[in-house]
1. How many residues are in contact (Cβ under 8 Å) with a residue 40 or more places away in the chain and either buried (at least 23 other Cβ atoms within 10 Å of the Cβ) or among the polar types (S, T, N, Q) (or both) when one looks only at the range 260-284?
2. Could you tell me which numbered condition Asn257 fails, if it satisfies all but one of (1) farther than 23 Å from Tyr298 by Cα; (2) part of a helix (DSSP H, G or I); (3) free of Cβ contacts under 8 Å to residues at least 60 places away in the same chain; (4) not aromatic (Phe, Trp, Tyr)?
3. Looking at Asp203, Asp225, can you tell me which residue is in the same structural domain as Arg179 (by TED's automatic domain parsing), in a helix (DSSP H, G or I) and at pLDDT below 95?
4. Can you tell me how many residues in the range 302-326 are surrounded by 19 or more Cβ atoms within 10 Å (Cβ to Cβ) and either part of a helix (DSSP H, G or I) or outside the structural domain of Ile200 (by TED's automatic domain parsing) (or both)?
5. State whether one or more residues within the range 210-217 are among the acidic types (Asp, Glu), assigned by TED's automatic domain parsing to the domain that holds Leu163 and under 22 Å from Leu280 (Cβ atoms).
6. Picking from Ser106, Ser120, which residue would you name as being in contact (Cβ under 8 Å) with a residue 60 or more places away in the chain and among the polar types (S, T, N, Q)?
7. Assess whether Lys108 counts as being under 26 Å from Asp203 (Cα atoms), loosely packed, with under 14 Cβ neighbours inside 10 Å and under 21 Å from the mean Cα position of the chain (by Cα).
8. In this structure, is Tyr183 crowded, with 18+ Cβ neighbours inside 10 Å, at pLDDT 95 or above and farther than 20 Å from Gly248 by Cα?
Amino acid sequence: MADAQKDLEDLEPLDIEELDDEPDSNEEESIRRISVFNPFLNSIFPVLFINKKMKILFANDACKNLFTGFFNLAGNYFIDAFGRSFEMEDIRTIRDTILTGRNGYSWKGLARVKSRKMVSVQTRVYLFPADTDSKQPEEFIVMFDDVTEENKKLLRSVFMSLLEASKLKDNDTGKHITRVNFYSRRLAEELYNRTGYDRIDADFIDNIGFLASMHDVGKIGTPDDILNKEGPLSDWEWTVMREHTKNGAFILSTYPNPMAKEIALSHHERWDGSGYPFQLEGIMIPLAARIVSIADVYDALRMERSYKPPFDHATAAAKMIEESGTHFDPALIEVFAAIDQDFDRLFEENKDG
């Protein structure tokens, strides 16, 4: 979809100009005839009307509510508002459908509407003539079916099953993964408002708030006697343990967002290049993995383990700050230090029972 952006920018002015060459005498009549479509006015389905020039004539309240925060609909052209939400070939097909009557002036497909401030909306889209009796319709209904939550729940439920399976093997984690989600999301929210982090948008925050919990899912492939060993691991046991990063990346390789794989593979890399599995350093480490690394280590410091007592917040935060520039991204640690009380609050609110 992103690859087609330049082509779309070249296409839009041409198409709009060509369509605007058509007479505009029917526009007032089109608006007047909207009253014929009263059944859609209060529909729970988002619906808009467009004319043959693909100008938006009307959007019902459900449609306005769905796309609030993305763009204005009234008086806009369909391609201007939704062009980047479709694949390039879909845009051409929609245009041909309206102008040439392809497939009986009807089309269905998918759209993904995205902005930095709003979590993306995924919809099924149906386009058909407003007057089904007309052989050459002038107005068209565009109906949207929001499947965002449906798709998200289905996808995440599958991977939550994997996460639950991994927790059966590693029984010393308690609410660790829940807290790591919360810490990671809070840090991402703070970065959203900082300069230099334009890539952090509403989708990034929403995704890391779930995918952070998957960071150790690869431990499902770690032998139990190593995973649950009391006391220090031998060199060869550490070699096996470190494989959980690669195992996790393999398990999550089918997740549609690459963030999942990046976190699983790289959350044990260190800023100075001394981490594993590939000794990445600095900004070579994906941003999501750098964030989760801070969340993961902070929580590990706060927890009691067989080899260490739990640390209070002040001690844990001080140890984190000491590792700035070695273990952790110094810019992220600076942000952590500014909001560390939120980490303490999240830990206290989500303590193990």
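1. So the answer is 6.
2. With respect to (1) farther than 23 Å from Tyr298 by Cα; (2) part of a helix (DSSP H, G or I); (3) free of Cβ contacts under 8 Å to residues at least 60 places away in the same chain; (4) not aromatic (Phe, Trp, Tyr), Asn257 is out only on (2).
3. Numbers: Asp203 fails: at pLDDT below 95.
Exactly one of Asp203, Asp225 is in the same structural domain as Arg179 (by TED's automatic domain parsing), in a helix (DSSP H, G or I) and at pLDDT below 95, namely Asp225.
4. So the first thing to find is which residues in the range 302-326 are surrounded by 19 or more Cβ atoms within 10 Å (Cβ to Cβ), and the list is 302-303, 316-317, 320.
Filter once more, keeping what is either part of a helix (DSSP H, G or I) or outside the structural domain of Ile200 (by TED's automatic domain parsing) (or both): 302, 316-317, 320.
Number of matching residues: 4.
5. Of the range 210-217, the ones among the acidic types (Asp, Glu) are 216.
Filter again for assigned by TED's automatic domain parsing to the domain that holds Leu163, leaving 216.
If we keep only those that are under 22 Å from Leu280 (Cβ atoms) as well, we get 216.
Yes, the range 210-217 contains at least one residue that is among the acidic types (Asp, Glu), assigned by TED's automatic domain parsing to the domain that holds Leu163 and under 22 Å from Leu280 (Cβ atoms).
6. Values: Ser106 fails: in contact (Cβ under 8 Å) with a residue 60 or more places away in the chain.
It is Ser120.
7. Against the criterion (under 26 Å from Asp203 (Cα atoms), loosely packed, with under 14 Cβ neighbours inside 10 Å and under 21 Å from the mean Cα position of the chain (by Cα)), Lys108 does not qualify.
8. Details: crowded, with 18+ Cβ neighbours inside 10 Å: yes; at pLDDT 95 or above: yes; farther than 20 Å from Gly248 by Cα: yes.
In short, yes.
The values are calculated or read from the model by the stated rules, or taken from the named source; none is laboratory data. As the structure is a computational prediction, the values presented were derived from the model and not from experiment. Cβ sites come from the backbone with ideal geometry, for glycine too, and all protein chains shown count toward neighbours.
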